[in-house]
1. Quickly run through the stretch 69-80 and pick out the residues that are within 14 Å of Asp59 (Cβ to Cβ) and either modelled with pLDDT under 90 or touching a strand residue (DSSP E or B) at 6+ places or on another chain (Cβ under 8 Å) (or both).
2. Spot the failing condition for Leu148; the list is (1) under 22 Å from Leu38 (Cβ atoms); (2) out of contact with any His (no Cβ under 9 Å at 6 or more places or on another chain); (3) surrounded by 21 or more Cβ atoms within 10 Å (Cβ to Cβ); (4) not charged (D, E, K, R), and only one is missed.
3. Please specify each residue of the stretch 143-183 satisfying the condition of being out of contact with any strand residue (DSSP E or B) (no Cβ under 9 Å at 6 or more places or on another chain), farther than 24 Å from Ile51 by Cβ, in a helix (DSSP H, G or I) and of a type outside the set (Gly, Ala, Ser).
4. Is it true that some residue in the stretch 116-130 is within 22 Å of Pro4 (Cβ to Cβ), out of contact with any strand residue (DSSP E or B) (no Cβ under 6 Å at 6 or more places or on another chain) and in a helix (DSSP H, G or I)?
5. Could you list, in sequence order, the residues of the stretch 151-189 that are at pLDDT 95 or above, buried (at least 17 other Cβ atoms within 10 Å of the Cβ), of a type in the set (Phe, Trp, Tyr) and over 19 Å from Met22 (Cβ atoms)?
6. Can you find a residue that is surrounded by 15 or more Cβ atoms within 10 Å (Cβ to Cβ) and among the β-branched types (Val, Ile, Thr) anywhere in the stretch 70-77?
7. Considering the stretch 83-101 alone, what residues qualify as being of a type outside the set (S, T, N, Q), in a helix (DSSP H, G or I) and either within 13 Å of the chain's Cα centre (by Cα) or surrounded by 19 or more Cβ atoms within 10 Å (Cβ to Cβ) (or both)?
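The values are calculated or read from the model by the stated rules, or taken from the named source; none is laboratory data. Since the structure is predicted, the reported quantities are computational estimates derived from the model, not experimental observations. Glycine gets a Cβ as well: all are built from the backbone with ideal geometry, and neighbour counts include every protein chain shown.
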Amino acid sequence: MNLPNKITISRIMLIPIFMILMLVDFNWGTIQVGNEALPISHLAGAILFIIASTTDWIDGHLARKHNLVTNLGKFLDPLADKLLVSSALIILVQLRLAPSWIVIIIISREFAVTGLRLVLAGSGEVVAANMLGKIKTWTQIVAVSALLLHNIPFNLIHIPVATIFLWIATFFTVISGWDYFAKNKDAFIHSK
């Protein structure tokens, strides 16, 4: 197994640790920023989420730079992204930091595009991530990171950056999903 694939697997392995930090009450105290109290365990979870998210860029960069792109990597990389972001979004709903309807839209899009990729793979086609998909991923990561940090430090200047990015991420989630299906509609028309 090459280094990019090991990095991708490490991203998947960080998810349970991230979940424990966000969901278990460790009573480590809080950090007060303005009128917002951020539990230290949530700060640790947010930092771990950000580190795990940056491995997405690192593994892809290494795979392309050193010609280490593999079928395993093509499978694992988007799966790791979806698992990481989906678990974070579900946790944010449980913590009442994100509305469930937005999370349902985002996760539904991920299932739908994954299903489309499976249909296309059955006919030998591979759907690579396009620019809209990459923008979707990074806006989701920024939104989730800001929400995990309880909008700190932006709460000091009363700008809801976390909420704004969640709306932007939702927009790109819907648009990129529509784009994937519009560009590949023939897969359903000509399928048996």
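1. Result: Val69, Thr70, Leu72, Gly73, Lys74, Phe75, Leu76, Asp77, Pro78, Leu79.
2. That leaves (2) as the condition not met.
3. Passing the criteria: Ile157, Trp167, Thr170, Phe171, Val174, Ile175, Trp178, Asp179, Tyr180, Phe181, Lys183.
4. Taking every residue of the stretch 116-130 in turn, at least one turns out to be within 22 Å of Pro4 (Cβ to Cβ), out of contact with any strand residue (DSSP E or B) (no Cβ under 6 Å at 6 or more places or on another chain) and in a helix (DSSP H, G or I).
5. Result: Phe172, single match.
6. no
7. Passing the criteria: Leu83, Leu84, Val85, Ala88, Leu89, Ile90, Ile91, Leu92.
One line per residue, one yes/no per condition, for (1) assigned to a helix (DSSP H, G or I); (2) closer than 19 Å to Phe154 by Cβ; (3) without any contact (Cβ under 8 Å) to a residue 60 or more places away in the chain; (4) among the polar types (S, T, N, Q):
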site: Arg11; (1), (2), (3), (4): yes, no, no, no
site: Leu21; (1), (2), (3), (4): yes, no, yes, no
site: Ser41; (1), (2), (3), (4): yes, no, yes, yes
site: Ala44; (1), (2), (3), (4): yes, no, yes, no
site: Asp56; (1), (2), (3), (4): yes, no, no, no
site: Asn67; (1), (2), (3), (4): no, no, yes, yes
site: Arg109; (1), (2), (3), (4): yes, no, no, no
